[in-house]
1. Please return the ranges of helices (runs of 4 or more DSSP H) entirely within region B:1-102 where 1 or more residues are within 28 Å of residue A:96 (Cα to Cα) and of a type in the set (S, T, N, Q).
2. Can you give me the number of residues within region B:168-199 that are surrounded by 13 or more Cβ atoms within 10 Å (Cβ to Cβ) and over 32 Å from the mean Cα position of the chain (by Cα)?
3. Return the pair list, or none, for Cβ contacts closer than 7 Å from residues in region B:221-233 that are more than 8 Å from chain A (Cβ to nearest Cβ) to residues that are crowded, with 22+ Cβ neighbours inside 10 Å and basic (Lys, Arg), at least 6 apart or on different chains.
4. Which residue pairs have Cβ atoms under 7 Å apart, sit 6 or more places apart or on different chains, and have a first residue in region B:61-85 that is within 14 Å of another protein chain (Cβ to nearest Cβ) and a second that is part of a loop (DSSP other than H, G, I, E, B) and crowded, with 16+ Cβ neighbours inside 10 Å?
5. Take the conditions closer than 30 Å to residue A:150 by Cα and not charged (D, E, K, R) and apply them to residue A:287. Does it pass?
6. Checking residue A:19 against (1) closer than 30 Å to residue B:181 by Cα; (2) loosely packed, with under 14 Cβ neighbours inside 10 Å, which test does it fail?
7. Mind listing whichever residues of region A:40-91 are touching a residue at least 60 places away in the same chain (Cβ under 8 Å) and of a type in the set (Lys, Arg)?
8. Tell me which residues, restricted to region B:95-124, are surrounded by fewer than 19 Cβ atoms within 10 Å (Cβ to Cβ), more than 7 Å from chain A (Cβ to nearest Cβ) and over 28 Å from residue A:227 (Cα atoms).
Amino acid sequence: MRRRRLLTGLAFVSPWLLGFALLVAWPFAASLYWSFCEYDLLTPPRLVGTRNYQRIVREVGGGGPLGQALWNTAYYALVSVPLSIALGIGLATMLSWKVRGQAVYRALFFLPSVVPVVASSVLWIWLLDPRSGLVNRGLNLLGLPAQNWFKGPTEALAPPGWLEFGSKDALVLMSLWGVGNFMLIYLAALGEIPRQLHEAAALDGAGRWQRFRHVSLPMLTPVIFFNLVMGLIQSFQAFTQVYLVSEGTGEPAGATMLLSLRLFLTAFQDLEMGYASAIAWLLFVVLLLATAALFRSSRHWVHYSGGGR
Amino acid sequence: MPIDRPPWYAQPLLGLAATLFAAPLLLLVLASLKPPEQLVEDPYALWPRQWQGSNYPRAVSSMPVTRYLRNSLILAAGSVAGSLLSCSLAAYGFARLRWAGRNLLFGVLIATLLLPWHVTMIPRFLLLRELHLYNTLAALILPTFLGDAFFIFLLRQFFRTIPEELSEAARLDGLSEWGIYWRIILPLSRPALATVALFQFIASWNDFSGPLLYLSDPRHFPLAYGLEQFISSYADQTHLLLAAAVLFTLPIVVLFLVAQKVFLQGITTTGLKG
């Protein structure tokens, strides 16, 4: 009976199990092995010890292209994730107000997140053109200086300074436009906050801001945590828009060369599968450490109501 | 009750935010209807000098749209079928059956959600190439028949809400597990299955990195990848490019407007009940 139940269970999950073995577990092990190999696809992989990793350390330490890619990726993640959390919560809070046209607003805020990345890249490259783009025009009308968004030729000569925006900020802007997914999750979480909590706080004389700060925000921390972890993973994996804005070159001046693009080019342009696998593992380990740190810290700030979840 | 009253600045603030979110799409549509000279001479004009609808047929005829569209539809339909079948089977195994090792395997499945695709990209590519799938749409469709952790999770959450008594009664009536899955659970799970179908359709329609990796012959390109070819070869024809981007986005927008409820529920379940 136990045995039969086991076999039935395995039979149902077998498609996934096969996929896990072929497309996840084996590739996972193979890329770890290849990261210690030289492998150009033409000849079989040849073990070279830690040479690929030494090369990574050299390139990162010497400020080479890989070091720049690592920095770009960190910058993109560290700017886009917190901003998307703030914007997601802000929009969700606005949508929780009982006003006319609520459903229309919700649809408008969400819609950009389903626009295909290929189309939204075309759109933003056009809008953010440093010379004739409408975003810079809008900034000018507001009395603000124009920015070197995509393909600003001077970005190659001088990187953007403090409060000046460059290509990576343009990528951040694109990601913020697609914040709709997380916004909906925040909105649902706001709706699940027990009414009595707000009523009690209001009776104690708490104003709107105080209720947001001391009731809503603590109740949202599980979602914020989820958003941090998923947002971090997504920003490390961002590829399509990064590839499209520079047609796969990382220009201007390597400013949009993120690790994912570097990895792709190393593997499929330079055909250095061993070195590319090592870069993939570097990315994986960095992400793993960051996620682990988030999980550790979550004990101190994530508030789970009602005990078990 | 005072806590229900929105602040006085609610409408202006929402209006401002809505304008900022909608403006890029509106500007895109307006610009796609401008004559090409206007885009160059007067890039800041919001309104078309004259409505040039002919940008659209010209954009369509400047690339093999019928073939790209056919490939996109094959890719999306195949992937939707694959995901629905493989993910509902696995979700049934995880949600409705008790067997040794179930929770362990489910933990493994959840862990794969945190695994970045880079780590498996190269071996996966070489494996599919070994199987002679390189440069075929099958390289992109077949993996969907082997399950997707996110969709399995979504369906499992839904299957668990179906009362166990239904399964018990069916078992007493002599129905096999397969029969319960096929004749009871699946028909009751239409909303969740619709969510998976919708998300998979959009993922396939929008997918760019898959075709970039696996397809080299333009005969197999789906629209998303064909459009990129168009970007590099028509860099100076902004009006056509913008029109093509509008056409490519349109089906997704229509789908969203038609199936808004499915979208909103799907995203909320996966995010909250984690």
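The values are calculated or read from the model by the stated rules, or taken from the named source; none is laboratory data. Because the structure is predicted, anything quoted here is derived from the model rather than measured. Cβ coordinates were reconstructed from backbone atoms using ideal geometry, including for glycine residues, and neighbour counts include every protein chain displayed.
1. Details: elements: B:10-32, B:36-41, B:55-61, B:65-95.
Per the criteria, B:10-32.
2. Result for region B:168-199: 4.
3. No pair meets every condition.
4. As it stands, the answer is B:68/B:221; B:68/B:222; B:72/B:222; B:75/B:137; B:75/B:222; B:83/B:148, since those pairs meet every condition given.
5. Details: closer than 30 Å to residue A:150 by Cα: yes; not charged (D, E, K, R): yes.
Criteria met by residue A:287.
6. All conditions pass for residue A:19, except number (2).
7. Matches in region A:40-91: A:55 only.
8. B:101
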